[in-house]
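Reading through the structure tokens given below for one structure.
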Amino acid sequence: MSRIITGLSGHHRLQCRSTRHITQTATASIQKKAAFTLTEVLVALFLAVLAVTSTYKLLNYSRNVLRSSSGQLDALNRARSCLEYLRTLDFDHAYLNVGEQLLNRNGETFEYEVELYNGNSDIKQITVKAEWTSVASGKTRETELVTLLSRSLHSGSD
């Protein structure tokens, strides 16, 4: 690199810097820019830990929701199976007497209730309870499946 220097008398002279000096200056500026300060490293480390922690919490929450949903789906399927079995019975079958009932089927006990629908003795309402334990909260959850049976559709088919 060269530059022009003007002296007091107005004469110009050309001054050249050595290649070695230019190389040393460039290397020094690259070395300064290649290193991170302690503050930059700590901020980057904090952001990385924050990202990993957030990802772990999200995955853990998703796993709990999936397990809870799986428990709910399993309970609903078992209750639906019980309800479908009860729908196959004759309208006057002992399992369909009005009141709270227990049904032992396939090694499981189902709790259900039979009521007259709006006081009509020709229509029964069956309510089967489905229970499961929420993985996220550890609480027992419950929902009900309800169906109606009509004497005209469910008579004489044991």
Open item on the list: Among the residues of region 132-143, what is the count of those that are in contact with a Ser or Thr (Cβ under 7 Å, 6 or more places away or on another chain) and either surrounded by 12 or more Cβ atoms within 10 Å (Cβ to Cβ) or modelled with pLDDT under 80 (or both)?
Closed with: 5
Open item on the list: I'm trying to understand the selection: among the residues of region 98-137, which are under 16 Å from Ser81 (Cα atoms) and among the aromatic types (Phe, Trp, Tyr)?
Closed with: Phe110, Tyr112, Trp132
- [ ] Return the only residue of Leu50, Leu58 being at pLDDT 75 or above, assigned to a helix (DSSP H, G or I), closer than 30 Å to Lys139 by Cβ and of a type outside the set (S, T, N, Q).
- [x] Leu58
TODO: State whether one or more residues within region 91-108 are under 30 Å from Ile126 (Cβ atoms), out of contact with any strand residue (DSSP E or B) (no Cβ under 7 Å at 6 or more places or on another chain), surrounded by fewer than 10 Cβ atoms within 10 Å (Cβ to Cβ) and modelled with pLDDT of 90 or more.
DONE: yes
Task: Lys139 being free of Cβ contacts under 8 Å to residues at least 40 places away in the same chain, under 26 Å from Ser69 (Cβ atoms) and not β-branched (Val, Ile, Thr) - done: yes
- [ ] Among the numbered conditions (1) in contact with a Ser or Thr (Cβ under 8 Å, 6 or more places away or on another chain); (2) loosely packed, with under 12 Cβ neighbours inside 10 Å, tell me where Glu115 comes up short.
- [x] (2)
TODO: Filter region 61-99 down to residues that are closer than 22 Å to Leu153 by Cα, free of Cβ contacts under 8 Å to residues at least 40 places away in the same chain, of a type outside the set (Phe, Trp, Tyr) and in a helix (DSSP H, G or I), then give me how many there are.
DONE: 3
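The values are calculated or read from the model by the stated rules, or taken from the named source; none is laboratory data. Small disclaimer: the values here were computed from a predicted structure and weren't measured. No Cβ is skipped: glycine too gets one built from the backbone with ideal geometry, and neighbour counts run over all protein chains shown.
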